[in-house]
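No lab work stands behind these numbers, since they all come straight from the coordinates. From a predicted model like this one, the values you see are computed outputs, not experimental measurements. When we count neighbours, we look across all protein chains shown, and the Cβ atoms used for this are built from the backbone with ideal geometry, even at glycine.
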Amino acid sequence: MRLGVLASWRGTNFKAILDHVQLGVLRGVEPVVLIYSDENAPVREIARKYGVEAHFVKHKGVPRPEREAAMAELLRRHGVDVVALAGYDYILSYGFISQFKLVLNIHPSLLPFAGGKGMYGMRVHMEVYRAGVRVTGPTVHVVDESVDGGPVVDQWPVYIGDVYSLPLSRDEKIQIIADRVLIFEHRLYSRVLQAVADGLLELYEETVKVPVVVEEGGRLRVEEAEHRVKRAVLRVWDGWLREWHERQRIYVEYQLKEWEGKALDLVLPPWLRG
């Protein structure tokens, strides 16, 4: 599976994908091109270090049809099958998305919570902290023309209930939540890409009933309305998951070494490390 990656700035999820490939964990996936939207983005150095071809496509001040045409041409030239967004800060049109077999994105919360317009980066974790939820985590979803509204492919629940009582400032606790989720983003994205490469992703539509609250004469009643929804399901089984978990151990060990010296005991207590 030939993979093209779109990124805007840091590109840590891009690096995690490359590490999974380099360590022999992610198989049958070939990252062939990176497209980045900020000329000075650090992600370009990641591509250079790992030997992946990288191209800057200017976004600021450029009409969306023009920049998307440039990106689509680059991706087609490299024979890309699947496009993965890795910290890409722009909304894609249906016209762009429809040119490819699949476009995926990873979001740092359990969608639909803390998703939608304006919800990116630290804003997501600020909303998680405000709500006081005990479980958050990353979501991989199919990209459509909405903002974070495409079908959910997979999620990784991450416990953060211990963070609220830490003797730290609010901002420090939000940073710990962000870092903790990021660690599992790096593990989840490659798991999904492996399942896609193995042909285990099924996309379909389903009719569901949705409760609708109607007010009449000062009284509320609930009606049921039918809606068509899009589904994305990974048809993985226990044996597949066990094999993947065993393979990914080498990446987990590598990842934890990278985080040494970064308050790892707070970011990822031993009982959460996997």
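Computed values, structure above
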{"quantity": "Selection from TRP156, PHE14, GLY95 lying farthest towards where the dipole of the chain points positive, charges on Cβ", "calculated": "PHE14"}
{"quantity": "Listed residues LEU104, LEU264, LEU241, most fluctuating in the chain (Gaussian network, C-alpha, under 10 Å)", "calculated": "LEU241"}
{"quantity": "Prolate/oblate/rounded label for segment 168-243 (Cα gyration tensor, a/c 1.5)", "calculated": "oblate"}
{"quantity": "For segment 211-274, the fraction of alpha-carbon pairs in successive 10 Å shells from zero, as %", "calculated": "15, 22, 17, 14, 19, 12, 1"}
{"quantity": "Phi-based couplings in Hz for segment 269-274 (Karplus 6.51, -1.76, 1.60; Gly and Pro marked x)", "calculated": "x, x, 6, 10, 6, x"}
{"quantity": "Under the Karplus curve 6.51 cos²θ - 1.76 cosθ + 1.60, θ = phi - 60°, whole-Hz ³J(HN,Hα) for segment 62-67, x wherever Gly or Pro sits", "calculated": "9, x, 4, x, 6, 6"}
{"quantity": "Gaussian network model of the chain, springs between alpha carbon atoms under 10 Å - residue of LEU188, LEU23, LEU111 with greatest fluctuation", "calculated": "LEU23"}
{"quantity": "Amide H within-cut-off set for HIS55, under 5 Å, with H built and near neighbours excluded", "calculated": "LEU34, ILE35, TYR36"}
{"quantity": "Per-residue HN-Hα couplings for segment 20-34 [Karplus 6.51, -1.76, 1.60; θ = phi - 60°; Hz; x = Gly/Pro]", "calculated": "4, 5, 5, 7, x, 7, 8, 10, x, 10, 10, x, 9, 7, 10"}
{"quantity": "Global geometry of segment 119-274, whether rounded, prolate or oblate, following the gyration tensor of its Cα atoms and the 1.5 cut on a/c", "calculated": "oblate"}
{"quantity": "Global form of segment 103-206, assessed from the alpha-carbon gyration tensor, a/c cut-off 1.5", "calculated": "prolate"}
{"quantity": "Distance between segment 207-269 and segment 118-169 - C-alpha centres, whole angstrom", "calculated": "10"}
{"quantity": "Contour minus Cα-Cα distance for LYS60 and TYR159 (0.36 nm per residue)", "calculated": "31.9 nm"}
{"quantity": "Cα extents of the chain along the three principal axes, largest first (Å)", "calculated": "67, 49, 45"}
{"quantity": "Estimated FRET transfer efficiency (ILE250, LYS117; beta-carbon r; R0 30 Å; 0.05)", "calculated": "0.20"}
{"quantity": "Residue (of THR136, VAL229, VAL212) at the positive-pole extreme of the chain, dipole from beta-carbon charges", "calculated": "THR136"}
{"quantity": "Model label zone, VAL133; criterion: amide N under 17 Å from point 7 Å along Cα-to-beta-carbon; scope segment 156-183", "calculated": "156-164, 174-183"}
{"quantity": "Cα-based reach from LYS262 at 20 Å (exclusive), listing lysines while leaving out same-chain residues under 8 positions away", "calculated": "LYS15, LYS173"}
{"quantity": "Computed over the chain: relative contact order in percent, which uses C-alpha pairs under 8 Å that are six or more apart", "calculated": "16"}
{"quantity": "Among ARG134, ARG228, ARG187, residue whose mean-square fluctuation peaks in a GNM of the chain (springs only between Cα atoms under 10 Å)", "calculated": "ARG228"}
{"quantity": "Only Lys, Arg (+1) and Asp, Glu (-1) charged, at Cβ; the chain dipole about Cα centre in debye", "calculated": "400"}
{"quantity": "Residues ILE91 and LEU241, FRET efficiency given R0 of 41 Å [Cβ-Cβ distance, rounded to 0.05]", "calculated": "0.80"}
